[in-house]
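The next block holds one structure in the form of structure tokens; read it before the comments.
The values are calculated or read from the model by the stated rules, or taken from the named source; none is laboratory data. Just so it is clear, the structure is predicted and the values come from calculations on it, not from any experiment. Here the Cβ positions follow ideal geometry from the backbone for every residue, glycine too, while neighbour counts run over all protein chains shown. For the accessible areas, the whole protein counts, side chains as well, though only heavy atoms, and no ligand, DNA or RNA atoms are used. Shrake-Rupley method; radii C 1.70, N 1.55, O 1.52, S 1.80 Å.
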Amino acid sequence: LAEAWLAARRRRRGAVVLVSHAEGGGVARHVGERAAALAREGLLPIVLEPAAGGCCAIAGWPDLRYPLPRERESLARLLRRLAVRRVEFHHRLGHHPSLRDLPAWIGAPYEVFVHDYALLCPRITLLGGEGRYCGEPGLAACEACRAALGSLVGETPPTVAGLRAESAGWLARARRVIVPAADVARRLSRHFPGLRPEIRPWEEDAALPPPRPPAPRGPRLRVAVVGAVGAEKGFAVLAEAAEEADRGGQPIEFVLVGHSIDDARLIASGRVFVTGPYAESEAEALVREQEADLAFLPSIAPETWSYALGIAWRAGLAAAVFDIGAPAERVRARGGGFVLPLGLAGAALNRALLALAYIPRARR
């Protein structure tokens with residue numbers, strides 16, 4: 001019945017399948033925006049997510065779950081019935097490995113949208129054992145890292161060489177490989193020679209109004225950090241900076257608009273206020289409510305984009321970022337922020353943020 005109900009929604013122009021993971025975050029936001037754009041074009045968006053029991057689920061349809069590979073043909077038959085024109089792969093994390101062959105099952109071309117480095121790094125984020133950017137060393141070092149830390153992308157293929165060989169063939173067969181920034185294109189091309197990704201930013205930075213320069217209004221510089229802050233997003237950097245500010249009496253405090261992997265530690269520093277998780281629709285207003293002087297994105301991994309940066313800019317804040325990944329590229333291209341040396345931490349980071357705020361004011 002559910003299949004018949006969905007099939008009754010078939011559009012004259014057909015459908016597009018969007019393959020995503022179930023982890024939320026920037027991938028979920030981008031998939032939602034893509035689905036809305038496709039619907040405006042008169043196409044039916046079908047989002048496939050992993051579900052319990054090794055199932056592939058059609059988002060929004062709780063009865064439409066297909067254990068793979070056993071019910072591969074049932075899923076393929078439904079998608080053919082919906083006249084799928086193409087498949088967009090946004091993430092395969094959590095899906096059965098056979099889902100990569102979905103386009104062949106239904107006779108449709110596919111495109112790959114790159115949101116992280118899971119296609120070449122079993123750890124996904126390019127962070128090594130010490131929680132720092134690994135520098136993308138040779139294959140032997142990557143194999144040693146996987147052996148020591150394990151894989152976050154599943155146990156097949158069992159080696160980094162196998163993962164990259166599989167990814168190379170899969171990317172080569174795609175109609176297009178789409179990335180949001182030139183930094184991503186360069187990294188992928190180093191590991192997959194011959195790949196020519198198409199650069200398509202997830203947001204239009206140039207259309208945003210210029211942020212105001214930092215101008216502290218209170219006895220302390222108030223710095224907004226936006227998003228869900230885990231290891232790769234710089235939790236250790238933020239925690240150390242807050243603790244050093246308290247120990248050394250530096251006139252700086254942070255407000256985390258979002259949450260972290262250890263909110264209790266941040267709050268215990270006495271220099272961090274945590275709002276808690278937010279809905280995307282309220283993010284900009286929530287940042288404005290904090291009356292911060294400056295935004296800071298502590299990410300230490302080469303992010304492929306950063307919706308948090310766009311939120312800070314739309315809220316009117318200049319943003320400081322580390323010199324790595326798409327955020328640094330975007331700040332350099334648009335202005336509206338500052339690029340800090342990667343590895344800056346603790347009291348030194350606080351001094352740098354204070355200098356960004358107070359030195360320009362002194363010059364004025």
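Using heavy-atom solvent-accessible surface (probe 1.4 Å) with all chains present, what is the largest-first order of Ser269, Ser189?
The ordering from most to least exposed comes out as Ser189, Ser269.
Please say if segment 234-364 is rounded, prolate or oblate, where rounded means a/c under 1.5 for a ≥ b ≥ c the square roots of the C-alpha gyration tensor eigenvalues, and otherwise the choice is prolate for a/b larger than b/c and oblate otherwise?
rounded
Please get the size of the charge dipole for segment 272-349, origin at its Cα centre, with Cβ charges of +1 on Lys and Arg and -1 on Asp and Glu, quoted in debye to the nearest 20.
Details: 5 positive and 9 negative charges, 51 e Å.
It works out to roughly 240 debye.
Accessible area per residue for segment 41-172 in Å², computed with a 1.4 Å probe and the full protein assembly in place, what is it?
Value for segment 41-172: 43 Å² per residue.
Counting only protein heavy atoms and a 1.4 Å probe, tell me what percentage of segment 1-119's accessible area is made up of carbon and sulfur.
Carbon and sulfur: 49 percent of the exposed surface of segment 1-119.
Considering amide H positions built from the backbone, and no H for Pro or chain starts, which residues 5 or more places from Arg86, or on another chain, come under 5 Å of its amide H?
Sorted by chain and number, the residues that satisfy this are Val17.
Per residue of segment 41-48, in order, report the coupling 6.51 cos²θ - 1.76 cosθ + 1.60 (Karplus, θ = phi - 60°) as ³J(HN,Hα) in whole Hz, putting x for Gly and Pro.
In residue order, the calculated couplings are 7, x, 9, 9, x, 10, 9, 9 Hz.
Taking the Cα centre of the chain as origin, work out the dipole magnitude from +1 charges on Lys and Arg Cβ and -1 charges on Asp and Glu Cβ, in debye rounded to 20. Kindly include the intermediate steps, with their values, before the conclusion.
Values: 47 positive and 39 negative charges, 265 e Å.
So the dipole magnitude of the chain works out to roughly 1280 debye.
With a 1.4 Å probe and every protein chain left in place, work out the accessible area per residue of segment 253-318 in Å², rounded to a whole number.
In whole numbers, segment 253-318 has 36 Å² accessible per residue.
Ratio of alpha-carbon Rg to the 2.2 N^0.38 Å globular estimate for segment 1-138, to two decimals, please.
1.13
I'd like the carbon and sulfur percentage of the solvent accessible area for segment 181-325, probe radius 1.4 Å, heavy atoms only, ligands and nucleic acids excluded.
On segment 181-325, the fraction of accessible area on carbon and sulfur atoms equals 53 percent.
Under 1.5 on a/c is rounded, so check that first for the chain, then, if it is not, pick prolate when a/b is larger than b/c and oblate when it is not; a ≥ b ≥ c are the square roots of the alpha carbon gyration tensor eigenvalues.
prolate
Place the peptides 216-226, 244-254, 279-289 in order of packing, highest mean first, counting for every residue the other Cβ atoms within 10 Å and averaging per peptide.
By packing density, highest mean first, the sequence is 216-226, 244-254, 279-289.
At 222 nm, what helix-only mean residue ellipticity would the chain give, in deg cm²/dmol to the nearest 500, using -39500 (n - 2.57) for each DSSP H run of four or more?
My calculation for the chain gives -11000 deg cm²/dmol from helical runs alone.
Once Lys and Arg get +1 and Asp and Glu get -1 on their Cβ, which of Leu18, Tyr278, Leu238 lies farthest toward the positive end of the dipole of the chain?
Sorting the options by dipole projection puts first Leu18.
Could you please put Asp323, Asp183 in sequence from largest to smallest accessible area, using a 1.4 Å probe?
Asp323, Asp183
Highest mean first, how do 50-60, 347-357 rank when packing is the count of other Cβ atoms within 10 Å averaged over residues?
Per-residue mean Cβ counts within 10 Å order the peptides as 347-357, 50-60.
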